[in-house]
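Scroll down for the structure; my scribbles are underneath it.
Values quoted throughout were computed directly from the atomic coordinates according to the rules given, and no laboratory measurement underlies them. Predicted, not measured: the structure shown is a model, and the values here were computed from it. Because the Cβ atoms are built from the backbone with ideal geometry, glycine has one as well, and the counts that use them run over all protein chains shown.
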Amino acid sequence: MQPEPINDLSKLCIHTITTKPLSIEDAINKYASLGVSGITVWRDAYGPYTPSRIGRLIIDSGLTPVALCRGGFFPSANEKKREAAIADNIKAIEEAGDMGMPMIVLVCGADPTQPLALSREQIKHGIEAVLPHAEKHNVRLAIEPLHPVYADTRSAINTMKQANDMADHFNSPLVGVAVDVYHIWWDEDLQDEIHRCGNANRLFAFHVCDWKVPTSDILLDRGLMGEGCINIPLIREWVNSAGFSGFNEVEIFSEIYWKSSQDEFLEKIINAYRLYV
Ligand code: ZN
């Protein structure tokens, strides 16, 4: 049984990376004029603006600030790099605070020269070190499990179970999980782990795109919803029935779409959102 498609855009959020060629100002204005409701800002998109100025532009446009992407990348065999990562995460939390962003997405990191279990310990240590700053600025930290293909350099947290275990360890209202369909669609325990996450009030974010078949690039060939093999409406149903009522965030890294007209791409996003989310 397929859930009903979404007809309104009140839960549609777009990540600035999705329309990477647009300036932050253009992204904000275009999203707002198309009836998109929320925006997640990537830290590479600031352009000439300060975080607080971007926060002002977002509020003035009528969009809701959803999240800042991204923090994390805590593990390293090199202690200096681990310290630098913690400092950068503290900076990101301050930026989120200045921008009025209620949440930061954590791509937790991994170092291929050391065991994944050690990287996970360093992630734990990193989150522990930045949590007081998150509390000070009232910014939530959303641990995003990444597909195991990224376990080499991008994340030692690869399943919802690992993300839930990490969030459980902190048992803080500010530490939760970001569910991105691209990373977890294949997991046989997905439904149970989504409900576990929701029951603990730790389901902070829901990201959508699609897994193209075949995919030509594991990083930069994400598909528009409906272009691939992920049953997005079913996962959305699980997420919603786990108590999630936040935004459905469209996050697509695509060399193909970045080369196309961003106005046409935004129209396609909205159509695909209505049909396949
Ligand atoms: Zn994501």
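Backbone amide hydrogens, once placed in the peptide plane, bring residue 175 within less than 5 Å of 141, excluding anything fewer than 5 places away on its chain.
Charge tally around residue 29: other residues with Cβ under 13 Å, Lys/Arg +1 each, Asp/Glu -1 each, net -3. Considering helices alone, the calculated mean residue ellipticity of the chain at 222 nm is -13500 deg cm²/dmol, with DSSP H runs of length four and up weighted by -39500 (n - 2.57) and normalised per residue.
For segment 12-276, the share of DSSP beta bridges that are antiparallel, to the nearest 5, is 5%.
The HN-Hα couplings worked out from phi for segment 27-44 by the Karplus form 6.51 cos²θ - 1.76 cosθ + 1.60 (θ = phi - 60°) are 4, 4, 5, 5, 4, 5, 6, 8, x, 5, 9, x, 9, 10, 9, 8, 5, 7 Hz, whole numbers, x standing for Gly and Pro. Each Lys or Arg adds one and each Asp or Glu subtracts one; over the other residues with Cβ under 12 Å from the Cβ of residue 209, this totals -4. In plain terms, the C-alpha convex hull of segment 59-101 casts an average shadow of 3.0 nm² when viewed from every direction. For segment 88-118 versus segment 241-255, the inter-centroid distance based on Cα atoms is 19 Å. Short to long, the 5 Å bins of the Cα pair-distance histogram for segment 1-109 hold 2, 12, 21, 20, 16, 11, 8, 5, 3, 1, 0 percent of all pairs. Over segment 111-185, what lengths in whole Å, largest first, do the semi-axes of the equivalent ellipsoid take, defined as the square roots of 5 times the eigenvalues of the alpha-carbon gyration tensor? After scaling each eigenvalue by five and taking roots: 21, 15, 10 Å. Per residue, the convex hull spanned by the Cα atoms of the chain amounts to 120 cubic angstrom. Under 5 Å from the amide H of residue 180 lie the amide H atoms of 207, each residue being 5 or more positions distant or on a separate chain, with H modelled from the backbone and absent for Pro and chain starts. You can think of it this way: the chain between residue 195 and residue 124 has 23.3 nm of extra reach, that is 0.36 nm per residue less the Cα-Cα gap.
State which entries of 81/124; 11/259; 11/136; 20/268; 91/124 exceed 24 angstrom in Cα-Cα distance in the structure shown.
As for pairs spanning more than 24 Å Cα to Cα, those are 11/259; 11/136.
Between residue 171 and residue 259, the C-beta separation translates, for a Förster distance of 30 Å, into a calculated FRET efficiency of about 0.10. Backbone phi angles across segment 136-146, fed through the Karplus curve with coefficients 6.51, -1.76 and 1.60 (θ = phi - 60°), yield HN-Hα couplings of 4, 9, 6, 10, 7, 10, 9, 6, 9, x, 10 Hz in residue order; Gly and Pro are listed as x.
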